[in-house]
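Trainee: Submitted below is the structure of interest, expressed as structure tokens.
Derivation of every value follows stated rules applied to the coordinates shown; laboratory data play no part. It should be emphasised that the depicted structure is a prediction, and the values quoted were computed from it without experimental measurement. In this analysis, Cβ positions are derived from the backbone assuming ideal geometry, glycine residues included, and neighbour counts consider all displayed protein chains.
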Amino acid sequence: MRDGRTYRIKRRAKGFIIYIFLSIIALTCIFPLVWMFSSSLKTQSTIFSNMSIIPDQPQWKNYYIAWTKGGFGIYFLNSLFYTAVVVFGIVIVSSWAAYSFSRLKFPGSILAFNMFLAAMMIPLPGSFVPLYVLVNNIRKVLMVFLNNSNPFLLKFLSQASVDQLFAFTEQQLYPRVAYIFCMINVGLSLSIYILKTFFDKMPSELEDAARIDGCSKLGIWWNVALPLSRPAIAVIVIFNTLNVWNEYILAQLILSEKSTMPLQRGLMVFQGVYVTQYPLLMAGLTMTVIPILIVYLILQKYIIKGMTAGAVVG
Amino acid sequence: MNWLKPGKKKIKINPAMTDKIPETAVLKRKMKIARAKSYLENFSFAFPAILIFSVFYIYPFLKVFQLSVCSWNGIDAFSFGKFYTGFTNFKEILRDGIWWRSMWHAAYITIIALTLQNALALALALACDKEIKARNFYRVIFFIPPVLSEVVVGLIWQWIYDGNYGLLNYALNNFGLSNLIHNWLSDPNTALTCVAIVHSWKGFGWGFIILLAGLQTIPRQLYEAAKVDGASSWQIFRNVTIPLMIPVFVLVSILTILGSMQVFILIYTMTGGGPGYHTEVPVTRILASMVASSRFGYACAEGIIFGLVLLVLSFTQKKISERVKQV
């Protein structure tokens, strides 16, 4: 038989070592973020000399400067805008499609669904090349169309405001719309897949009841299917929110005006222009991280579930 | 041709009206129209998704193949006949040393991720699987890096590695290891490993979460039974945990391989592929061919070759996992 006391000591030591190990790794996870935050409160001169975590005089004005002069205010609002619009678009479009694939059959519906499935399976690393070409081509066509409608527009508007309209369309409206649609497409396949499997498992009695009561198909989707699929929608919203907020490559290729850029793109622009302005860069990074971190800490259970579900399926 | 067959759709007929049923031919036509109308309505639900998907996925997908056999700079008006060059792009890629080096770099990062990152993830998952307090706390902390964007992670770590003001050199100096100090990301010998470590740092939370979920599905009775039989903890690990975890290991390694091969933004933000070409990976090469040298056709051909490599990799992994499941 084992000696009870030494066994207990052994076990305690083992537990202690496990805690130390876990805590060290946890520290390496948090430390870069803590350091980023503390650096954002230092001045340009103290940031390289003073390596302490807690700065002597926190420079909160760094955030103000980054927000206004660094342009992070615009980037931040753009990020919010893109994330909100894209996620909303994905939820609507994918739940329509998933509902149709699950309940409302039409010739070729299985083929269409399999296409979305295949899109998740086939990796296409260079797809941003033709996407860029496509977005550029549509812009050209759009501008030709606008130029052709110039005489017609001049009947209502002055030359100056027509020019303004053209510039606005080319630099603001079109890139934003194109980016939004590209991002909706990025999230579409996975969202449709998750929602369709959810709808398939859902009992259809409630929908039948609604149909007998004379509800239209759109009404059933809105009043019955959508409210019942709330858990699946939550997964989709979380997964896509993180995806859109963190997206970089399409933003770089499609958005060239500073005023249309989201945070990730803005960070790179800022870093390219002010290479050595570390405090402001760190303030910008903090601004990028904080919203995601808050959402993550509040919804961590669902986020971990949602993101792993997404990765395992994809 | 199963998918072409219409679904079972019943047209309801009021039983009270049966005596007034018109001739079957007329009825059939009416049913046909009703069915077509219903199909059209059903299709309209899926239409927005199919439209977006066709324009932004299928069209680019096909366009990649078309562009890959062309030599086009992205500026001139595109016409297939004018720019068609056959398979010269692919032939050139076969002889492109930088491209194959970038492929090796991706493989190197993948190998580090497979070993270092997954070993760490497994160790953490095993530690958390024991009945410890604050398991959820560690879960939350370890999943912070995967939630962050690659741009953010890249920029933070770029500064940590910085040769002049970086935290790493500062720490080394303070611990009396000043002979190790150097410019981590601009030294060709260390740059790739540094990037791979950051990639593993960002990714181990994934493996940890999935492995922990897998470990927790193992019934506790098995452990207890083994203990009663007098097995040591190593024997339990070797003969109970590992065999039951093999499907999860396969899943994690598939995810790691596919994710690490396509690593890109991290490198783009940290080193931009430099110094020289020492941290180039396939996707940065594709982007460079497109943006820096304006060779859209070449970029597409690179994309196809890389896509095929990924497809083969994931296919083999799936085959292996199927075989493992049978055993």
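Trainee: What does the extension gain come out to for B:PHE137 and B:ALA225, with contour length at 0.36 nm per residue minus their alpha carbon separation? Walk me through the numbers on the way to the answer.
Mentor: Values: separation 88, 0.36 × 88 = 31.68 nm, distance 3.00 nm.
Answer, rounded to one decimal: 28.7 nm.
Trainee: I need the chymotrypsin sites (Phe, Trp or Tyr not before Pro) found in segment A:99-201, filtered to DSSP loop residues with at most 12 other beta carbons within 10 Å of theirs. Working shown, then result.
Mentor: Details: sites: A:TYR99, A:PHE101, A:PHE113, A:PHE116, A:PHE128, A:TYR132, A:PHE145, A:PHE152, A:PHE156, A:PHE166, A:PHE168, A:TYR179, A:PHE181, A:TYR193, A:PHE198, A:PHE199; in loops: A:PHE156.
Counting only loop positions with at most 12 other Cβ atoms within 10 Å, the chymotrypsin sites (Phe, Trp or Tyr not before Pro) in segment A:99-201 are A:PHE156.
Trainee: Additional query: Taking R0 as 60 Å, what's the FRET efficiency between B:LEU126 and B:SER79 from their Cβ-Cβ distance, rounded to 0.05? Mind showing how you got there, number by number?
Mentor: Numbers: r = 60 Å, r/R0 = 1.01.
The value I calculate is 0.50.
Trainee: Can you tell me the orientation of helix B:97-112 relative to chain B, as the angle in degrees between its alpha-carbon axis and the longest Cα principal axis, to the nearest 10?
Mentor: Between helix and principal axis, roughly 80 degrees.
Trainee: Quick one: the Cα spread of segment A:124-253 along its three principal axes, in angstroms, biggest first?
Mentor: If we take the Cα atoms of segment A:124-253, the spans are 60, 41, 21 Å.
Trainee: Considering only the other residues whose Cβ falls under 12 Å of the Cβ of B:ILE75, what net charge follows from Lys and Arg at +1 and Asp and Glu at -1? Could you put the intermediate results ahead of the total?
Mentor: Working: positive: A:LYS140, B:ARG295; negative: B:ASP76.
Result for the neighbourhood of B:ILE75: +1.
Trainee: Continuing with the same structure: Calculate, axis by axis, the spread of Cα positions in segment B:126-199 along the three principal axes, and write the results as whole Å, longest axis first.
Mentor: So the extents along the principal axes, rounded to whole Å, are 43, 30, 20.
Trainee: Still on this structure: Note down the magnitude of the dipole of segment B:176-284 about its Cα centre, charges +1 on Lys and Arg C-beta and -1 on Asp and Glu C-beta and zero elsewhere, to the nearest 20 debye. Present the calculation step by step, with values, prior to reporting the outcome.
Mentor: Numbers: 4 positive and 4 negative charges, 49 e Å.
So the dipole magnitude of segment B:176-284 works out to roughly 240 debye.
Trainee: For segment B:174-327, just say rounded, prolate or oblate: build the C-alpha gyration tensor, square-root its eigenvalues into a ≥ b ≥ c, call rounded for a/c under 1.5, and beyond that prolate if a/b exceeds b/c, oblate if not. Write out the running numbers ahead of the final one.
Mentor: Values: a/c = 3.88, a/b = 1.61, b/c = 2.41.
Verdict is oblate for segment B:174-327.
Trainee: I want to verify a result. In a Gaussian network model of chain B, Cα cutoff 10 Å, which of these has the top mean-square fluctuation: B:GLN66, B:GLN117, B:GLN158?
Mentor: Evaluated over chain B, the most mobile residue of the options is B:GLN66.
Trainee: Using Cα springs under 10 Å in a Gaussian network model of chain A, which residue among A:ASN240, A:ASN62, A:ASN114 shows the largest mean-square fluctuation?
Mentor: Looking only at A:ASN240, A:ASN62, A:ASN114, the largest GNM fluctuation is found for A:ASN114.
Trainee: Something else now. Given the DSSP H assignment, sum -39500 (n - 2.57) over each helix run of at least 4 residues in the protein assembly as shown and divide by its residue total; what's the result at 222 nm in deg cm²/dmol, nearest 500?
Mentor: On the way: 33 runs with 448 residues, N = 641.
Mean residue ellipticity at 222 nm (helix-derived): -22500 deg cm²/dmol.
Trainee: If you take the Cα atoms of segment A:1-72, find Rg, then find the Kirkwood Rh from the mean of 1/r over all pairs, what is Rg/Rh?
Mentor: 1.38
Trainee: When the Debye formula is applied to the Cα atoms of segment B:53-148, each taken as the same point scatterer, what base-10 log of I(q)/I(0) results at q = 0.10, 0.20, 0.23 Å⁻¹?
Mentor: After summing over all Cα pairs, the log10 values are -0.60, -1.05, -1.16.
Trainee: Separate question: Let me know the charge dipole size of the protein assembly as shown about its Cα centre in debye, to the nearest 20, where only the beta-carbon of Lys, Arg (+1) and Asp, Glu (-1) is charged.
Mentor: Details: 56 positive and 27 negative charges, 417 e Å.
In total the dipole reaches around 2000 debye.
Trainee: Looking at the calculated P(r) for chain A, what percent of the C-alpha pair distances fall above 28 Å?
Mentor: Values: 28812 of 49141 pairs.
Summing the P(r) tail past 28 Å for chain A gives 59 percent.
Trainee: To continue, here is another question. Just tell me, in residue order, which DSSP H segments of chain A are both 24 angstrom or longer along the helix axis (alpha-carbon based) and at least 0.5 in mean Kyte-Doolittle hydropathy.
Mentor: Details: long enough: A:4-39 (51 Å, 0.86); A:72-102 (43 Å, 1.54); A:128-148 (30 Å, 1.09); A:174-201 (40 Å, 0.89); A:278-298 (29 Å, 2.07).
The qualifying helices are A:4-39, A:72-102, A:128-148, A:174-201, A:278-298.
Trainee: Report the one residue of B:ILE98, B:ILE109, B:GLY86 whose Cα lies farthest in the direction of the positive end of the charge dipole of segment B:62-143 (charges on C-beta: Lys and Arg +1, Asp and Glu -1; origin at the Cα centre).
Mentor: B:ILE109
Trainee: If you split all Cα-Cα distances of the protein assembly as shown into 10 Å bins from zero, what percentages do you get per bin, shortest first?
Mentor: Histogramming the protein assembly as shown at 10 Å steps yields 3, 13, 21, 24, 19, 11, 5, 2, 1, 0, 0 percent.
Trainee: When Cβ neighbours within 10 Å are restricted to other protein chains, what is their mean count per residue of peptide A:16-27?
Mentor: Details: counts 0, 1, 7, 5, 0, 3, 11, 3, 0, 10, 8, 1.
The shielding value for this peptide is 4.
Trainee: Moving on to the next point. For chain B, what is the per residue volume of the convex hull drawn over the alpha-carbon atoms, in cubic angstrom? Before the final figure, lay out each step's value.
Mentor: On the way: hull volume 90.4 nm³, N = 327.
Given the Cα convex hull of chain B, per-residue volume reads 277 Å³.
Trainee: Springs between alpha-carbon pairs under 10 angstrom, Gaussian network model over chain A: which of A:ILE212, A:ILE238, A:ILE192 fluctuates most?
Mentor: Looking only at A:ILE212, A:ILE238, A:ILE192, the largest GNM fluctuation is found for A:ILE212.
Trainee: In whole percent, what relative contact order does chain B give with Cα contacts below 8 Å and a gap of six or more residues?
Mentor: Result for chain B is 27 percent.
Trainee: Please give the per residue volume of the convex hull enclosing the alpha carbon atoms of segment A:239-314, rounded to a whole number of Å³.
Mentor: On the way: hull volume 7.9 nm³, N = 76.
Convex hull volume per residue, Cα atoms: 104 Å³.
Trainee: Moving on to the next point. Going from the alpha-carbon gyration tensor of segment A:129-178, what semi-axes, largest first and in whole Å, does one get by taking the root of 5 times each eigenvalue?
Mentor: 24, 11, 6
Trainee: I would also like to ask the following. Mind jotting down a quarter of the surface of the convex hull over the alpha carbons of segment A:167-211, in square nanometres, one decimal?
Mentor: The orientation-averaged projected area of the Cα hull of segment A:167-211 comes to 4.9 nm².
Trainee: How many percent of all Cα-Cα pairs in segment B:217-268 sit more than 15 Å apart? Write out the running numbers ahead of the final one.
Mentor: Values: 792 of 1326 pairs.
For segment B:217-268, the share of Cα pairs beyond 15 Å comes to 60 percent.
Trainee: Something else: For A:ALA118 and A:LYS14, what does the FRET efficiency come to when R0 = 56 Å and r is the distance between their Cβ atoms, rounded to the nearest 0.05?
Mentor: According to the calculation, E is roughly 0.70.
Trainee: So, one more: If you fit an axis through the alpha-carbon atoms of helix B:59-68 and take the longest principal axis of the Cα set of chain B, what angle between them do you get, 0 to 90°, nearest 10?
Mentor: 60 degrees
Trainee: Quick one: helix B:24-53 against the long Cα principal axis of chain B, what's the angle to the nearest 10°, folded into 0 to 90?
Mentor: Helix B:24-53 sits roughly 20 degrees off the main axis of chain B.
Trainee: Which residue, A:THR46, A:SER109, B:PHE65, has the largest displacement toward the positive end of the dipole of the protein assembly as shown when charges sit on each Cβ (Lys, Arg +1; Asp, Glu -1)?
Mentor: Highest projection toward the positive end goes to A:SER109.
Trainee: With r as the distance between the Cβ atoms of A:VAL141 and A:CYS215 and R0 = 41 Å, compute the FRET efficiency 1/(1 + (r/R0)^6) and round to 0.05.
Mentor: Numbers: r = 41 Å, r/R0 = 1.00.
Once rounded, the FRET efficiency stands at 0.50.
Trainee: Follow-up question, since we're still on this one. Separation of segment A:1-78 and segment B:151-216 by C-alpha centroid, Å?
Mentor: That distance is 15 Å.
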